[in-house]
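*Asks:* Quick one: the structure is below, questions incoming.
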Amino acid sequence: MNLHLSEGKPLPLGATLSEGGVQFAVFSRNATGVSLLLFERPEDGAPSAEIPLDAAHHRTGDIWHIHVGGIGAGQC
């Protein structure tokens, strides 16, 4: 899986398709860390990629965010 990671934006919340990838944004008032897990298939027991978010680059207030290029609709 060839992923291109960037900071992303805090809004909209959830997973949103964008040009060339998917934008993720999650609200958590108390989280001290967030990781995004990507799976090849829904039935897989282990993720194909685990992306830890860095609070200095992927957090705005209480919202954690990242843009993942190289994935699209149907990504688990």
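The values are calculated or read from the model by the stated rules, or taken from the named source; none is laboratory data. Small disclaimer: the values here were computed from a predicted structure and weren't measured. Here the Cβ is made from the backbone with ideal geometry for all residues, glycine too, and neighbour counts use every protein chain on show. These accessible areas exclude ligands, DNA and RNA; they are computed on the full protein's heavy atoms, side chains included. Shrake-Rupley method; radii C 1.70, N 1.55, O 1.52, S 1.80 Å.
*Asks:* Restricted to the stretch 22-41, and to residues that are part of a strand (DSSP E or B) and among the aromatic types (Phe, Trp, Tyr), which residue is least open to solvent (accessible area, probe 1.4 Å)? Before the answer, list the steps.
*Replies:* In the first step, residues of the stretch 22-41 are kept if they are part of a strand (DSSP E or B); the result is 22-27, 34-38.
Subsequent filtering for residues that are among the aromatic types (Phe, Trp, Tyr) retains 24, 27.
Values: 24: 39, 27: 105 Å².
By that ranking, first place goes to 24.
*Asks:* Residues in the stretch 45-76 that are among the aliphatic types (A, V, I, L, M) and touching a Lys or Arg at 6+ places or on another chain (Cβ under 8 Å): how many?
*Replies:* Residues of the stretch 45-76 that are among the aliphatic types (A, V, I, L, M), as a first pass: 46, 49, 51, 53, 55-56, 63, 66, 68, 71, 73.
Next, only the ones that are touching a Lys or Arg at 6+ places or on another chain (Cβ under 8 Å) stay: 53.
Number satisfying all stated conditions: 1.
*Asks:* Just the residues that are open to solvent by less than 50 Å² (accessible area, probe 1.4 Å), in a strand (DSSP E or B) and either farther than 12 Å from residue 5 by Cβ or not aliphatic (A, V, I, L, M) (or both), please, taken from the stretch 57-76.
*Replies:* Within the stretch 57-76, 63, 64, 65, 67, 69 qualify.
*Asks:* Would you tally the residues in the stretch 1-19 being modelled with pLDDT under 95 and open to solvent by less than 60 Å² (accessible area, probe 1.4 Å)?
*Replies:* The initial filter retains those residues of the stretch 1-19 that are modelled with pLDDT under 95, namely 1-2, 18-19.
From what is left, the residues that are open to solvent by less than 60 Å² (accessible area, probe 1.4 Å) are 18.
Qualifying residue count for the region: 1.
*Asks:* Condition check: within 14 Å of residue 1 (Cβ to Cβ), without any contact (Cβ under 8 Å) to a residue 24 or more places away in the chain and under 12 Å from the mean Cα position of the chain (by Cα). Does residue 37 satisfy that? Spell out how you get there, then give the answer.
*Replies:* Values: within 14 Å of residue 1 (Cβ to Cβ): yes; without any contact (Cβ under 8 Å) to a residue 24 or more places away in the chain: yes; under 12 Å from the mean Cα position of the chain (by Cα): yes.
So residue 37 passes the test.
*Asks:* Here is a further query. Looking at 44, 54 in this structure, which one is among the acidic types (Asp, Glu), open to solvent by 50 Å² or more (accessible area, probe 1.4 Å) and out of contact with any Leu (no Cβ under 6 Å at 6 or more places or on another chain)? Give the derivation first.
*Replies:* Numbers: 44 fails: open to solvent by 50 Å² or more (accessible area, probe 1.4 Å).
The unique qualifying residue is 54.
*Asks:* Report, by residue number, each residue of the stretch 40-76 that is more than 13 Å from residue 22 (Cβ to Cβ), more than 12 Å from the chain's Cα centre (by Cα) and not charged (D, E, K, R). Before the answer, list the steps.
*Replies:* Here is the first cut: in the stretch 40-76, the residues more than 13 Å from residue 22 (Cβ to Cβ) are 40-48, 50, 52-64.
Pick out the ones that are also more than 12 Å from the chain's Cα centre (by Cα) and you get 40-48, 55-57, 60-62.
Hits for the stretch 40-76 are 42, 45, 46, 47, 48, 55, 56, 57, 60, 61.
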